[in-house]
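Note sheet for the following structure.
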Amino acid sequence: MLVHATVDTMTAMHLTAMADAFQRQLASPQFADLSFEERVGMLIDSEWTAREQRKLQRRLRAANLRHAASLEDLDWRAPRRGLDKALVGSLATCAWVQQHHNLVIVGPTGIGKSWLAAAFAERACRSGYTAYSVRVPRLFHDLAVARGDGSYTRLLAKLAKTAVLVLDDFGLTALTGPQRQDLLEVIEDRAERASTLITSQLPVKAWHEAIGDPTLADAICDRIIHTAQVIELHGPSMREVRAKAQRGGSSGGATAPASLKPAGSASKETP
């Protein structure tokens, strides 16, 4: 009866993982030889691990990542240039996030920019940081709506306090006057206070023209590039590569190399 009461008390205190571990210990004789301190430590570890996992899942849901990506699944055999293992390893430590530096990934469409950005954001979430990913056209839409319904300040505050803000597909179209001002507000709130990760088909030197207004372009680019690591990717579209590999495999031709196989095979990377 005492055991049931203890389990009920743990559950009422929201120590569900500890309660489950406690019952497993009672049901398995392998724990009998452990000391009291060891068994208590294992119970606490079970609860702590479960809570950390729940926190991680909440951060990942809030991050709004477009891809279920992780740096461990990065395909180094893909026909893509500009990605250095040492640099990726350094960025994987999330020191750039801790130091409030930025990250810029540029390259042609389909090269894997969005997937790589999601992988870096996922690593930040796993390291305890908050993240939020949004396509730049959608961000401008959300800011315009927020300006109209009175939630503009709250949305800016939410973006400002996010540790890693991923701005995907920057520069697809020239910015309008209100969009330039919105972007400056977002970047200004985050400059040297949080990290911003930007993906773009445009090289950095073309950003001034895409932003439009020289004064605002200088202000925006200075706040981003001054503390940014820039990764320039080159190569064919990964979507095209995988499509060719799938067609070759379905037609009974030679087996595609591992780096060209579709997602779900040796490599899990899906740009």
(message) Being surrounded by 15 or more Cβ atoms within 10 Å (Cβ to Cβ) and either of a type in the set (A, V, I, L, M, F, W, C) or over 27 Å from Arg126 (Cα atoms) (or both): is that true of Ala12 here?
(response) no
(message) Just to be sure I understand, how many residues within segment 79-94 are surrounded by fewer than 16 Cβ atoms within 10 Å (Cβ to Cβ) and of a type outside the set (D, E, K, R)?
(response) 7
(request) Would you point out the residue of segment 95-118, among those that are under 16 Å from the mean Cα position of the chain (by Cα) and assigned to a loop (DSSP other than H, G, I, E, B), that is surrounded by the most Cβ atoms within 10 Å (Cβ to Cβ)? (result) Gly112
(message) Checking the structure you have, find out if any residue of segment 197-204 is touching a strand residue (DSSP E or B) at 6+ places or on another chain (Cβ under 8 Å), of a type outside the set (Ser, Thr, Tyr), crowded, with 19+ Cβ neighbours inside 10 Å and closer than 23 Å to Glu122 by Cβ.
(response) yes
(message) Just to verify a result, which residue in segment 37-53, among those that are of a type in the set (D, E, K, R) and open to solvent by 90 Å² or more (accessible area, probe 1.4 Å), is farthest from Arg126 (Cα to Cα)?
(response) Glu37
(request) For Leu159, state whether it is open to solvent by less than 50 Å² (accessible area, probe 1.4 Å), within 25 Å of Leu71 (Cβ to Cβ), of a type in the set (A, V, I, L, M) and assigned to a helix (DSSP H, G or I). (result) yes
(request) Identify, from the list Arg61, Arg77, Arg81, Arg54, the residue that is among the charged types (D, E, K, R) and closer than 22 Å to Arg135 by Cα. (result) Arg61
(request) Could you please find all residues in segment 54-78 being part of a loop (DSSP other than H, G, I, E, B), over 10 Å from the mean Cα position of the chain (by Cα) and surrounded by fewer than 16 Cβ atoms within 10 Å (Cβ to Cβ)? (result) Trp76, Arg77
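The values are calculated or read from the model by the stated rules, or taken from the named source; none is laboratory data. Here the structure is a predicted model, which is why all the values come from computation and not from measurement. Note that we place each Cβ from the backbone using ideal geometry, even for glycine, and neighbour counts take in every protein chain shown. Side chains are part of the model used for accessible areas, which takes the heavy atoms of the whole protein and leaves out ligands, DNA and RNA. Shrake-Rupley method; radii C 1.70, N 1.55, O 1.52, S 1.80 Å.
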